[in-house]
Amino acid sequence: QVQLVESGGGLVQPGGSLRLSCAASISSFRLYAMGWYRQAPGKQRELVTNITSGGSTNYADSVKGRFTISRDNAKNTVYLQMNSLKPEDTAVYYCNAAWRFLTYWGQGTQVTVSS
């Protein structure tokens, strides 16, 4: 059974940094596009960033220059380095894996940016 397990969330002050990790129990992890989504209270889930199997990346305008996605296929893990965090980055962050018609979600990890 496929599982995506996020970690690394928490409470951070504005301007601080966090690094999220998503460990995937997928046998063909390297084939999957991996993404990070977030959902703030009262808002729809939105794409933050994704990375293709070939390593191409895409970022929401709101996080460009502050967030960096990366993947380690040897560890079946995708990372999200978040710098210069703002209160508006507060949300539950979800990991997503997608390949052809298959898509999987993690359980989410809370990120709170507050002084």
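List pairs: first residue in the stretch 1-25 and open to solvent by 30 Å² or more (accessible area, probe 1.4 Å) and among the basic types (Lys, Arg), second residue part of a loop (DSSP other than H, G, I, E, B) and modelled with pLDDT of 95 or more anywhere in the structure, Cβ distance under 8 angstrom, at least six positions apart or on different chains.
Here the result reads ARG19/GLY8, each pair linking the stretch 1-25 to a residue that is part of a loop (DSSP other than H, G, I, E, B) and modelled with pLDDT of 95 or more.
For the structure I just gave you, tell me whether THR77 is under 21 Å from ARG30 (Cβ atoms), of a type in the set (Val, Ile, Thr) and surrounded by fewer than 16 Cβ atoms within 10 Å (Cβ to Cβ).
On the way: under 21 Å from ARG30 (Cβ atoms): yes; of a type in the set (Val, Ile, Thr): yes; surrounded by fewer than 16 Cβ atoms within 10 Å (Cβ to Cβ): no.
Against the criterion (under 21 Å from ARG30 (Cβ atoms), of a type in the set (Val, Ile, Thr) and surrounded by fewer than 16 Cβ atoms within 10 Å (Cβ to Cβ)), THR77 does not qualify.
How about the stretch 1-48: which of its residues are part of a loop (DSSP other than H, G, I, E, B), polar (S, T, N, Q) and either under 25 Å from ASP61 (Cβ atoms) or within 15 Å of the chain's Cα centre (by Cα) (or both)?
Passing the criteria: GLN3, GLN13, SER17, GLN44.
Just to be sure I understand, how many residues within the stretch 68-101 are part of a strand (DSSP E or B) and touching a residue at least 40 places away in the same chain (Cβ under 8 Å)? Don't jump to the end; show me each part of the working.
Taking the stretch 68-101 first, the residues part of a strand (DSSP E or B) are 68-72, 77-82, 91-99.
Pick out the ones that are also touching a residue at least 40 places away in the same chain (Cβ under 8 Å) and you get 77-82, 91-99.
Counting residues in the stretch 68-101 that are part of a strand (DSSP E or B) and touching a residue at least 40 places away in the same chain (Cβ under 8 Å) gives 15.
The values are calculated or read from the model by the stated rules, or taken from the named source; none is laboratory data. Since this is a predicted model, take the numbers as computed values, not measurements. Cβ: placed from backbone, ideal geometry, glycine included. Neighbour counts: every protein chain shown. SASA here: full protein model, heavy atoms, side chains in, ligands and nucleic acids out. Shrake-Rupley method; radii C 1.70, N 1.55, O 1.52, S 1.80 Å.
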